């Protein structure tokens, strides 16, 4: 569970965030088949809907939380000087989105002293709104259904969520340690909330990601009772470099001992 605290009362803004995410999500779904696609300086794709979504989200944050620092994947300037800041990924899983897939989501989080204290993951294709704040648990809101608490259980479904770009050597290690587990390939934060709601027991990423890819999901995982760990098996943290790059991480349903041997073998590859 998240221990870092802030004086912000995020829960009072949940209705606004739900409406914001639904509005942005509708635009993403409606615009998915008519995209203007460009390539950013890091060779990753960006669409006109990424830009529009980013503007809607950052406009809301800047008008509601005046003077707060907002860091977005689509920002051109990324100052990493602050103890507290917002992180925004308007479309996490852009490549899947461009292909017409459904495994993309909106990620919004708030960092205090290196750790996420608030996180939202919204899945436009299912209209599922996941959120968590430090010390208050993790919740899901579905259309027509009030917020329901989600808890990560040790007897969660026997799935492992991995990136679509995972190396074969890592896959071999996962099969060796968890013969009965099904690997589900998914390159977005959707996999984090699936573990948070006990639809999987493990996720791994050895390659690079960015802070806005993981922070919202981490808060939800931790507040559900799961673990989000770095390569030293410490709680994953943020603000380590000016490019907002993450190191390797492991997401566990709470039972570290069951996963530790697999993690150590995977770490031997880097």
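Legend: calculated FRET efficiency, residue 51 to residue 171, from the Cβ-Cβ distance at R0 = 41 Å, rounded to 0.05, equals 0.70.
Using a ≥ b ≥ c from the Cα gyration tensor of the range 10-150 (square roots of the eigenvalues), is it rounded, prolate or oblate, where a/c under 1.5 gives rounded and otherwise the larger of a/b and b/c decides, a/b for prolate? Here the range 10-150 falls in the oblate category. The C-alpha atoms of the chain define a longest principal axis, and helix 48-64 lies at about 70 degrees to it.
Between residue 59 and residue 33, residue separation times 0.36 nm minus the direct Cα-Cα distance comes to 6.8 nm.
If R0 is 45 Å, the Cβ-Cβ spacing of residue 260 and residue 95 corresponds to a FRET efficiency of close to 0.90.
Helix 211-223 and the long axis of the chain differ in direction by around 70°, with both axes built from C-alpha atoms.
Sequence gap at least 6, Cα distance under 8 Å: using those rules, report the relative contact order of the range 159-267 to the nearest whole percent. With pairs under 8 Å counted, the relative contact order is 29 percent.
Counted residue by residue at 0.36 nm each, then reduced by the alpha carbon distance between them, the extension gain from residue 268 to residue 241 reaches 7.3 nm.
The convex hull drawn around the Cα atoms of the chain, when projected onto a plane and averaged over every direction, covers 13.4 nm². Between 0 and 90 degrees, the angle of helix 168-177 with respect to the longest Cα principal axis of the chain falls at about 60 degrees. The order of the peptides 67-75, 6-14 by mean Cβ neighbours within 10 Å, most packed first, is 67-75, 6-14. Multiplying the residue separation of residue 179 and residue 233 by 0.36 nm and removing their Cα-Cα distance gives an extension gain of 17.1 nm. The alpha carbons of the range 159-267 stretch over 39, 28, 24 Å along the principal axes, in descending order. With springs connecting C-alpha atoms under 10 Å apart, model the chain as a Gaussian network and identify which of 64, 47, 214 has the largest mean-square fluctuation. Comparing 64, 47, 214 in a Gaussian network model of the chain, the most mobile one is 64. Our summary gives the chain a relative contact order of 18 percent, counting only alpha carbon pairs under 8 angstrom and 6 or more residues apart.
Protection proxy ranking, highest mean first, for peptides 226-235, 169-178, 126-135: 126-135, 226-235, 169-178, where packing is the per-residue count of other beta-carbon atoms within 10 Å, averaged.
When the chain is treated as a GNM with alpha-carbon contacts under 10 Å, the residue of 260, 191, 95 showing the greatest mean-square fluctuation is 260.
Quick note: the coordinates plus some simple rules give every number you see, no bench work behind them. Everything quoted here is computed from the prediction, not taken from an experiment. Note that each Cβ is placed from the backbone with ideal geometry, even for glycine, and that neighbours are counted across all protein chains shown.
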